[in-house]
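Asks: I'd like to ask you about the structure that follows.
The values are calculated or read from the model by the stated rules, or taken from the named source; none is laboratory data. Just so we're clear, the structure is a prediction, and the values are computed from it rather than from any experiment. FYI the Cβ positions are ideal-geometry reconstructions off the backbone, even for glycines, and counts take in every protein chain you see.
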Amino acid sequence: MGRIRRWAPRVVGIIVTAACLIGAGRLLWPQPGLDGQPGSTARQLAFVRDALDDGSDTAAQQLFPEGYVFSNVLYGLAWVQAAHTDPGLRDNALREARWALARTESDEGRAVFSPGLQPAYGVFWAGWTNWLRGAILSLDRSDTTAVHQFSTHSAEIAQAFSAAGTPFLQAYRGQAWPVDSTVAVASLRLHDKLFGAQYTAVIDRWLAQAETRLDPATGLLPHQVSPTDGSMLTGARATSQTVILRFLPEIDPAFAKSHYARYRDRYLTYPGGFGPAIREYPKGVDGSGDVDSGPLVAGVSLSATVVAQGAARVNGDSDLAAAIGSAGELLGLPVGLPGSKRYAFGLMPIGDAFVVWSSTARLLTEPTTALARDVRWWWRLPWLSVLLVIAIAPWAGPLTRHARRRWPRRRRDTAT
């Protein structure tokens, strides 16, 4: 027992120090550029698929109303994005994305949405589902049935926007969020990219209407609006803004560029010198978290920060995308196995779906234009300093005792 008591602290110290060294390595490891993607993408997707087979989408539905759809649609989209970067994944991507689409279109996928809305089942379900349809066709347009379905649903979405007096359609009866309409409009732009300009007038009208309904405090699209006229109910928030900015470059690069600059200036933060991270509310505004943002830490939304990697990638902000990716490899507690990779020990698979969707993000309608913005060159130093302190802490006691034993001996030797 005495030997165990002597060696246990050393073993713990070795484990702690090794963990810190691994964390530092993850933080310093280079991230892929805008034309690349993490080498672990296939293993991340394998974990998400296993989790879906085990019912993670149904479990996510218990957390928030869009949990089932997000779990499946992000999985399918991540596969398509990965295949555009690595054509060798094309066959697997088509199989898995079509599987995900079928689940999104299923009775369970539509259960919480109203068929009586325009478009049917509301703009959230219609927009994300249609974007996935178009994304699949961006890899393979040989399926005439799939082409017909994409065209039919695109026409329904376009008709709904044309008939509405607001650019922001309802996702649920009596409730509207601009982010959902942004996804739906992006699907129209993708339709035009794949099959020729048909909805230019609808898209231009939407952009003009949206420009008149911006949050005056930030110059960005609001978080929630009145379903009748699109007037603002809640100002811009990062959880919706990061998704909006993932899709705005697909719709109109110039419009997106100005909005991304405002977003970066008002939401990018380094709390206590740590970061980069994304605030849920703009600088100077405090608020509480909710089911979308998750709990806020120093005003930072972890979910918005994850999705911001994808927004940064498609807006050409390579430095910010890389920094968020590196920080995620440290703070996300990734567990890598030969056939899978998961974050936060795999406790929240829907979080893994957002991570892989964001880390593989790329434009499907436009080439990405590099953005000349950077992050603080020293952003890693605070994290590395903390890791260094933690790594040394288990050895502080032994080193101090060793120094004290040697100090009197040195004094005696000097006196002699």
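Asks: What pairs can you find where one residue is in segment 9-38 and aromatic (Phe, Trp, Tyr), the other is buried (at least 17 other Cβ atoms within 10 Å of the Cβ) and assigned to a helix (DSSP H, G or I), and their Cβ atoms are less than 9 Å apart, with a gap of 6+ or different chains?
Replies: That search, which allows pairs on different chains as well, returns Trp29/Ser326; Trp29/Glu329.
Asks: Here is a further query. Under 8 Å by Cβ, and 6 or more places apart or on different chains, what pairs join a residue from segment 101-125 that is among the charged types (D, E, K, R) with one that is assigned to a loop (DSSP other than H, G, I, E, B)?
Replies: Filtered contacts from segment 101-125: Arg110/Tyr121.
Asks: When the residues of segment 114-146 are filtered to those that are charged (D, E, K, R) and surrounded by fewer than 23 Cβ atoms within 10 Å (Cβ to Cβ), which remaining residue is nearest to His84 (Cα to Cα)?
Replies: Looking only at segment 114-146, we keep the residues that are charged (D, E, K, R), and these are 133, 140-141, 143.
Of the ones still in play, those that are also surrounded by fewer than 23 Cβ atoms within 10 Å (Cβ to Cβ) are 140-141, 143.
Details: Asp140: 11, Arg141: 14, Asp143: 18 Å.
For segment 114-146, the residue satisfying everything is Asp140.
Asks: Do you know which residues across segment 339-372 are touching a residue at least 40 places away in the same chain (Cβ under 8 Å) and in a loop (DSSP other than H, G, I, E, B)?
Replies: Correct list: Gly339, Thr360, Ala361, Arg362, Leu363, Leu364, Thr365, Glu366, Thr368, Thr369, Ala370, Leu371.
Asks: Ser226: among the small types (Gly, Ala, Ser) and surrounded by fewer than 16 Cβ atoms within 10 Å (Cβ to Cβ), yes or no?
Replies: Numbers: among the small types (Gly, Ala, Ser): yes; surrounded by fewer than 16 Cβ atoms within 10 Å (Cβ to Cβ): no.
No.
Asks: Could you look through segment 31-67, keep only residues that are closer than 30 Å to Thr368 by Cα and hydroxyl-bearing (Ser, Thr, Tyr), and pick out the one that is surrounded by the fewest Cβ atoms within 10 Å (Cβ to Cβ)? Talk me through it step by step, then tell me what you get.
Replies: At the first step, the residues of segment 31-67 found to be closer than 30 Å to Thr368 by Cα are 31-49, 66-67.
The next check asks that each one be hydroxyl-bearing (Ser, Thr, Tyr); those that pass are 40-41.
Numbers: Ser40: 17, Thr41: 22.
Restricting to residues being closer than 30 Å to Thr368 by Cα and hydroxyl-bearing (Ser, Thr, Tyr), the top hit is Ser40.
Asks: Shifting gears a bit: Can we say Leu347 is assigned by TED's automatic domain parsing to the domain that holds Ser187 and under 18 Å from Gln31 (Cβ atoms)? Even if it seems obvious, please write down each step before you answer.
Replies: On the way: assigned by TED's automatic domain parsing to the domain that holds Ser187: yes; under 18 Å from Gln31 (Cβ atoms): no.
When the stated conditions are applied, Leu347 does not pass them.
Asks: Can I ask one more? Assess whether Val375 counts as being over 15 Å from the mean Cα position of the chain (by Cα) and without any contact (Cβ under 8 Å) to a residue 60 or more places away in the chain. Before the answer, list the steps.
Replies: Numbers: over 15 Å from the mean Cα position of the chain (by Cα): yes; without any contact (Cβ under 8 Å) to a residue 60 or more places away in the chain: no.
No: the conditions fail for Val375.
Asks: Of the conditions (1) closer than 22 Å to Val80 by Cβ; (2) touching a helix residue (DSSP H, G or I) at 6+ places or on another chain (Cβ under 7 Å); (3) buried (at least 20 other Cβ atoms within 10 Å of the Cβ), Gly316 clears all except one; give me its number.
Replies: For Gly316, the failing item is (2).
Asks: Filter segment 249-283 down to residues that are within 17 Å of the chain's Cα centre (by Cα) and acidic (Asp, Glu), then give me how many there are.
Replies: The qualifying residues number 2.
Asks: Read through the list (1) out of contact with any Asp or Glu (no Cβ under 7 Å at 6 or more places or on another chain); (2) crowded, with 18+ Cβ neighbours inside 10 Å, then give the number of the only condition that Glu108 fails.
Replies: With respect to (1) out of contact with any Asp or Glu (no Cβ under 7 Å at 6 or more places or on another chain); (2) crowded, with 18+ Cβ neighbours inside 10 Å, Glu108 is out only on (2).
Okay, residues lined up against (1) under 19 Å from Trp79 (Cα atoms); (2) in the same structural domain as Ala93 (by TED's automatic domain parsing); (3) part of a helix (DSSP H, G or I); (4) among the basic types (Lys, Arg):
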site: Asn130; (1), (2), (3), (4): yes, yes, yes, no
site: Ser154; (1), (2), (3), (4): no, yes, yes, no
site: Val183; (1), (2), (3), (4): yes, yes, yes, no
site: Gln198; (1), (2), (3), (4): no, yes, no, no
site: Ile203; (1), (2), (3), (4): no, yes, yes, no
